[in-house]
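The values are calculated or read from the model by the stated rules, or taken from the named source; none is laboratory data. Everything numeric in this text was worked out from a predicted model, so none of it was measured. Ideal geometry is used to build each Cβ from the backbone, glycine not excepted, and the neighbour counts take in all protein chains shown.
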Amino acid sequence: MSNPVVDGPRPCTKAEVPEMIAMVNSVMRQGSDQSFLTDYPRVYDAANLENIFILKVDGEVASVVPFIPRNVEIAGCRFRIGIISPTATAPHHRKKGYALRCLRTCTDKMTRDGIELSILWTLVPTFTFYEHDDYQGVFRPDGTYKCRQADAALFHNGGQQIVEYDPASRRWLGDLQAMHELEITGIVRSREDFPALFSLPKIKTLIALERSKPAGYLMVSRATNKPGLIEAGGSAASVETLVRHALEELDEGRELAGYSYQTPTVLGDLLDQKLPDRRQFQDDNLMVRFNDVRGFLERISPWLSQRNGQNYRAFSIRTSQDGEPIGCEFSASGLKLSRESPSPQFELSRRELASVVFGSHPARPVQTPEALRDLFPFYFPVWILDHS
């Protein structure tokens with residue numbers, strides 16, 4: 001038997017998108033009426049094709065790993081992340097290393113593009129695959145609240161008029177954007193993101209009007225990949241009215257998850273006020289990869305300086321993959337990074353450092369050095385609508 005002809009990993013072309021999507025849907029959307037093409041329109045947009053890496057075998061798409069770059073602004077810090085989207089390999093091409101080759105091509109491109117971090121969500125049993133490329137499962141303190149029809153009575157009806165956003169007309173889209181941007185969101189949405197995200201299949205956006213103007217919104221989703229009360233913005237009174245309306249429409253016996261984050265949100269605060277005993281940690285199994293450790297620490301230096309206060313301290317970090325030490329010296333004027341090796345020096349792998357910086361996942365426990373426990377973990381929210 002002749003050896004197969006392997007083409008890639010390389011960026012997907014526009015002509016190859018239908019075949020690539022058909023393969024991903026056959027693997028991950030079998031029996032569903034949803035498609036990755038419409039579930040993640042920003043990922044598969046023509047402008048992002050350079051970040052969708054495919055590998056073909058004998059002319060057939062065998063494996064694909066896409067990512068989408070996003071900007072993050074939080075606590076006075078700005079950095080870039082690359083969100084790995086659904087990774088898929090055709091069943092008859094598995095166990096040959098194709099997906100890992102595509103994944104490594106993605107992270108290589110992120111590093112070249114100056115993207116300091118990469119993140120993804122997966123199940124704990126698949127952690128091992130991503131660990132081959134230095135991803136590490138980390139702990140997220142975000143939460144969900146199970147909501148039922150009977151809970152509607154707990155939420156006050158403020159009497160606002162309720163309408164549904166029409167993606168075709170885009171009326172009030174600017175108001176929705178403005179209300180969203182008043183929240184502590186982390187991910188910075190572009191002007192192109194808003195019309196796409198507010199038009200996703202099986203997600204409706206309810207708007208509360210006061211004097212004919214939007215005062216609040218609530219996104220209610222039946223999508224398999226983003227189910228529940230997934231996002232809200234505006235005044236707390238308006239959001240409370242919208243939550244009551246959404247729960248009143250819920251079928252008896254059915255539950256909806258309402259989402260909250262460690263940073264305060266109007267929806268999370270409302271759910272915690274009304275359903276304090278229902279809060280559960282999200283089981284989203286986030287994994288993080290450092291593409292550029294030094295670059296990321298530089299980006300979050302304002303936050304680190306604030307955490308440290310006016311204290312003097314010095315230490316250095318050396319990761320086994322990078323070799324070069326990163327010297328950290330705090331003083332009253334802030335954090336100075338160098339290539340020196342002040343003591344104590346912490347020898348860590350990139351994966352161990354991810355656990356220290358972002359929090360240790362129960363399935364991948366890592367002990368944070370005592371000298372660093374008052375500096376970390378660092379947290380930035382990724383709202384479920386911004387998941388790739």
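Table: residues versus (1) surrounded by 14 or more Cβ atoms within 10 Å (Cβ to Cβ); (2) at pLDDT 95 or above; (3) in a loop (DSSP other than H, G, I, E, B).
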site: M1; (1), (2), (3): no, no, yes
site: P9; (1), (2), (3): yes, yes, no
site: A15; (1), (2), (3): no, yes, no
site: P18; (1), (2), (3): no, yes, no
site: I21; (1), (2), (3): yes, yes, no
site: V24; (1), (2), (3): yes, yes, no
site: S32; (1), (2), (3): no, no, yes
site: P41; (1), (2), (3): yes, yes, yes
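Could you tell me whether T87 is buried (at least 18 other Cβ atoms within 10 Å of the Cβ) and within 27 Å of F358 (Cβ to Cβ)?
For T87, the condition - buried (at least 18 other Cβ atoms within 10 Å of the Cβ) and within 27 Å of F358 (Cβ to Cβ) - is met.
Taking segment 82-125, which residues are among the polar types (S, T, N, Q) and either under 23 Å from Y40 (Cα atoms) or assigned to a strand (DSSP E or B) (or both)?
S85, T87, T89, T105, T107, S118, T122
Could you please tell me which pairs satisfy a Cβ distance under 9 Å, a separation of 6+ or placement on different chains, a first residue in segment 228-250 that is closer than 17 Å to I203 by Cβ and without any contact (Cβ under 8 Å) to a residue 40 or more places away in the chain, and a second residue that is acidic (D, E) and in a loop (DSSP other than H, G, I, E, B)?
From residues that are closer than 17 Å to I203 by Cβ and without any contact (Cβ under 8 Å) to a residue 40 or more places away in the chain, the pairs are A232/E183.
Of all residues being outside any strand (DSSP E or B) and among the aliphatic types (A, V, I, L, M) in segment 230-252, which is farthest from H387 (Cα to Cα)? Just the residue, please.
First pass over segment 230-252, keeping only residues outside any strand (DSSP E or B): 235-252.
Still in the running and among the aliphatic types (A, V, I, L, M): 236-237, 239, 242-243, 246-247, 250.
On the way: A236: 25, A237: 27, V239: 22, L242: 23, V243: 22, A246: 23, L247: 24, L250: 25 Å.
Within segment 230-252, the match that is farthest from H387 (Cα to Cα) is A237.
Taking the conditions exactly as written (out of contact with any Lys or Arg (no Cβ under 9 Å at 6 or more places or on another chain) and of a type in the set (A, V, I, L, M, F, W, C)), does V64 satisfy them or not?
Details: out of contact with any Lys or Arg (no Cβ under 9 Å at 6 or more places or on another chain): yes; of a type in the set (A, V, I, L, M, F, W, C): yes.
Criteria met by V64.
This table checks each residue for (1) among the aliphatic types (A, V, I, L, M); (2) outside any strand (DSSP E or B); (3) surrounded by 19 or more Cβ atoms within 10 Å (Cβ to Cβ); (4) touching a Phe, Trp or Tyr at 6+ places or on another chain (Cβ under 8 Å).
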| site | (1), (2), (3), (4) |
| --- | --- |
| L37 | yes, yes, no, yes |
| Y44 | no, yes, yes, yes |
| E50 | no, yes, no, no |
| F53 | no, no, yes, no |
| K56 | no, no, yes, no |
| R80 | no, no, yes, no |
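Does E240 count as within 19 Å of W383 (Cα to Cα) and charged (D, E, K, R)?
Values: within 19 Å of W383 (Cα to Cα): no; charged (D, E, K, R): yes.
So E240 fails the test.
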